[in-house]
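Student: Supplied in structure tokens, the structure appears directly below.
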């Protein structure tokens, strides 16, 4: 069973040197929130997955997720965690720098064009191949 405590535990692992391990476990978290219709926790989890992909320099995936999250209006809802409200914008800035403006904009545009269910499927697929 998925719980908010589990998602917090995974996020802590990702922040303390175990991002690949945390990313793999997020598959079940996202799937559970999606099947249960808990969009608040689903969007929070997808934001954290975005941040993990960015930290692992899976830039195209992260930029695509960014576009989807921005289109859904959830990038500004809450910080990733207490005390790090600027971390999301810093991650976006790093992505844009690494990819270049054109490639970043292209990936973000793909994400913005996705429906909510497509975003979930995309994230799950990207986790599976990482």
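Student: Among the residues of the stretch 59-88, how many are at pLDDT 70 or above, in a loop (DSSP other than H, G, I, E, B) and either within 10 Å of residue 111 (Cα to Cα) or in contact with a helix residue (DSSP H, G or I) (Cβ under 7 Å, 6 or more places away or on another chain) (or both)?
Tutor: Looking only at that region, the number is 3.
Student: Looking for whichever is surrounded by fewer than 20 Cβ atoms within 10 Å (Cβ to Cβ), over 22 Å from residue 7 (Cβ atoms) and touching a residue at least 12 places away in the same chain (Cβ under 8 Å) here; the options are 95, 56, 99. Which one fits?
Tutor: Residue meeting the stated conditions: 99.
Student: Restricting the first residue to the stretch 103-125 and requiring it to be surrounded by 15 or more Cβ atoms within 10 Å (Cβ to Cβ), which pairs with a second residue that is at pLDDT 95 or above and outside any helix (DSSP H, G or I) meet a Cβ separation below 7 Å and a spacing of at least six or different chains?
Tutor: Sorted first by the residue in the stretch 103-125, then by its partner, the pairs are 122/114.
Student: Is there a residue in the stretch 22-45 that is in a loop (DSSP other than H, G, I, E, B) and either modelled with pLDDT under 85 or buried (at least 17 other Cβ atoms within 10 Å of the Cβ) (or both)? Please lay out each step first, then the result.
Tutor: Taking the stretch 22-45 and keeping what is in a loop (DSSP other than H, G, I, E, B), we get 37-38.
If we keep only those that are either modelled with pLDDT under 85 or buried (at least 17 other Cβ atoms within 10 Å of the Cβ) (or both) too, we end up with none.
No; the residues of the stretch 22-45 include none that is in a loop (DSSP other than H, G, I, E, B) and either modelled with pLDDT under 85 or buried (at least 17 other Cβ atoms within 10 Å of the Cβ) (or both).
Student: Now a separate question. Could you check residue 97 against (1) under 20 Å from residue 17 (Cβ atoms); (2) part of a helix (DSSP H, G or I); (3) at pLDDT 95 or above and say which number it fails?
Tutor: (1)
The values are calculated or read from the model by the stated rules, or taken from the named source; none is laboratory data. Computed from a prediction, not measured in an experiment: that's the story for all the values here. Cβ atoms come from the backbone with ideal geometry, glycine included; neighbour counts cover every protein chain shown.
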